[in-house]
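Before any comments, here is the structure.
Taken together, the values in this text are just the output of simple stated rules run on the coordinates, not laboratory data. Given the structure is predicted, the values throughout are model-derived calculations rather than measurements. Note that each Cβ is placed from the backbone with ideal geometry, even for glycine, and that neighbours are counted across all protein chains shown.
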There are 2 protein chains.
Amino acid sequence: MNPGAQHSDGPVAQPLRSDAERNRGRIIAAARTVFARDGLNASMASVAREAGVGIATMFRRFPTKAELVDAVFSDRMGAYADAVAAALADPDPWNGFVGYIESACAMQAADSGFADVLTMTFPTAKVLEARRNEAYEGMVKLIGRAKATGRLREDFDPSDLVLIHMANAGVVNATGDAAPDAWRRVVALMIQSLEAPARGSLPDSPGHDALYKAMLRAGQTGAAAPPPGKGG
Amino acid sequence: MNPGAQHSDGPVAQPLRSDAERNRGRIIAAARTVFARDGLNASMASVAREAGVGIATMFRRFPTKAELVDAVFSDRMGAYADAVAAALADPDPWNGFVGYIESACAMQAADSGFADVLTMTFPTAKVLEARRNEAYEGMVKLIGRAKATGRLREDFDPSDLVLIHMANAGVVNATGDAAPDAWRRVVALMIQSLEAPARGSLPDSPGHDALYKAMLRAGQTGAAAPPPGKGG
């Protein structure tokens, strides 16, 4: 006999709440698996399937994909912010800067979902975005210190880190299991290109606002179930 | 009165053949539009829709996506091979090499479908692959000449060009209309990293075979209508 099914009040509420809790945990675990494998374009339906819950339960726990992304990736973004803090603690600012790019790109390579998170933005994923901002402020400091030592080229812009992540995601996604370490070679080339003195000038940075727009658009596409065509 | 509908033999065959020809042309034009916009993951059904032909007609003209890719991109791959030939004609091998990377990456930025073609392979797309091989042989020569002048780093491998295209595709896809020139900055950084003397060593190249496997897998995924999950 199931005691939770006996009455419509009192102790009955308890199992309902823990069911909800359990479903929430299952959905987050499933989303971690599905996003790591397929990236953020994976549909809410495929996460529900992996979790073994109905689509109604799924949307009751997470009405939007941004909320699910927030729950799944806030910890990881926290670890990312921690990597920035560790880099700032390195007594050699250039070493700190290089080590940070390497570990951030490795985090990207290990998880397609997190790779997407780093090149998309989700304004309604509050915890995630707060941690991203924290990481960003640390990176601006890290870049300033690496320039001050004369080892980082002067024309490096904080938004270039986003471009590096986009390039790295391109290599990680295209090579996958067939050449799982190929990204390391490309990241090493990019790091060498950043060392001062620069070997030449660069086309202008697209700038923070344009990249934010790109990340926002990508986040919205990633949040829609089927990738929408742009017209016609 | 439609003369083509009068008899079941003789002149009847003629309009059928030109219908087939017209449909073929419409499908190729539609595929050019759809692939340029959405990349090679676009479904055969969305190409048929854009062309205004039924799905049966579509598959009668192009039984596989590789055949459609062959028809749509052989010309573009021919232009790509021509860019290699032009680079080989430059009296300064390093200039030729740099100019070639810039124009190849620009071709990629202009067309999402062609961007995919450069990082995927389709063994059954005979004309396309013949032109790719032609381009590849030219690139190997170009690289050898650029190294011989001492301007290109010694550890550069022909397969690194594929990695550069993968990285560029990552930037192009992620920034899109929001920052349409962002890829130029990343490509400029990558080119500067290739100039000798190298600023450091590099992790080993994944090598030709592993990259071919990655391109083959990507081509197969691109050829499937819905992107398949890898399991459970």
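Considering the options B:Ala106, B:Ala214, A:His208, tell which one lies farthest towards the positive end of the dipole of the protein assembly as shown, charges being +1 on Lys and Arg and -1 on Asp and Glu at the Cβ, about the Cα centre.
Value: B:Ala214.
Which angle between 0 and 90 degrees, to the nearest 10, do you get for helix A:126-148 versus the longest principal axis of chain A when only C-alpha atoms count?
10 degrees
Give the average, rounded to an integer, of partner chain Cβ atoms located within 10 angstrom of each Cβ in A:154-162. Provide the component values of the computation, followed by the final result.
On the way: counts 0, 1, 1, 1, 0, 3, 4, 0, 5.
Across the residues of A:154-162, the mean count of other-chain Cβ atoms within 10 Å is 2.
Suppose every Lys and Arg Cβ carries +1 and every Asp and Glu Cβ carries -1, with no other charges. What dipole size does the stretch A:110-231 come out with about its Cα centre, to the nearest 20 debye? It would help to have the intermediate numbers written out before the result.
Working: 14 positive and 14 negative charges, 17 e Å.
Roughly 80 debye for the stretch A:110-231.
In nanometres, what is the gap between the two model label sites at A:Asp82 and B:Ala56, each 7 Å from Cα along Cα-to-Cβ?
Result for the modelled spin labels: 6.1 nm.
Could you identify which residue out of B:Ile27, B:Ile143, B:Ile55 has the top mean-square fluctuation in a GNM of chain B using Cα springs shorter than 10 Å?
Answer for the Gaussian network model of chain B: B:Ile55.
Calculate the mean, over all residues of peptide B:188-199, of how many other protein chain Cβ atoms lie within 10 angstrom of the residue's Cβ.
The mean count of partner-chain Cβ atoms within 10 Å per residue comes to 6.
Work out the mean other chain Cβ neighbour count within 10 Å for the residues of A:208-215 and drop it here as an integer.
Across the residues of A:208-215, the mean count of other-chain Cβ atoms within 10 Å is 4.
With +1 on the Cβ of every Lys and Arg and -1 on the Cβ of every Asp and Glu, and nothing else charged, how large is the dipole of the protein assembly as shown about its Cα centre, in debye rounded to the nearest 20?
Its charge dipole is roughly 1020 debye.
Can you work out the FRET efficiency for the pair B:Ser43 and A:Thr149, with r the C-beta to C-beta distance and R0 = 56 Å, to the nearest 0.05?
0.60
Enter the Cα centre distance for the pair the stretch A:123-170 and the stretch B:45-77, rounded to the nearest angstrom.
The stretch A:123-170 and the stretch B:45-77 have Cα centres separated by 43 Å.
Provide the net charge surrounding B:Ala83, with neighbours chosen by a C-beta distance below 15 Å and charges set as Lys +1, Arg +1, Asp -1, Glu -1.
-3
Taking the Cα centre as origin and putting +1 on Lys and Arg beta-carbons and -1 on Asp and Glu beta-carbons, what dipole magnitude results for the stretch B:104-149, to the nearest 20 debye?
Details: 6 positive and 5 negative charges, 53 e Å.
Dipole magnitude for the stretch B:104-149 comes out near 260 debye.
Apply the a/c threshold of 1.5 to the C-alpha gyration tensor of the protein assembly as shown and tell me whether it is rounded, prolate or oblate.
In terms of gyration-tensor shape, oblate.
What percent do you get for the relative contact order of chain B when only Cα pairs under 8 Å and 6+ apart count?
23 percent
Report the label-to-label distance for A:Gln220 and A:Ser201 in nanometres (one decimal), using points 7 Å from each Cα along the Cα→Cβ vector.
For the pair A:Gln220/A:Ser201, the computed spacing is 3.5 nm.
Can you count the Lys pairs in the protein assembly as shown with C-alpha separation below 25 Å, eight or more apart or on different chains?
Step by step, the pairs that qualify in the protein assembly as shown add up to 16.
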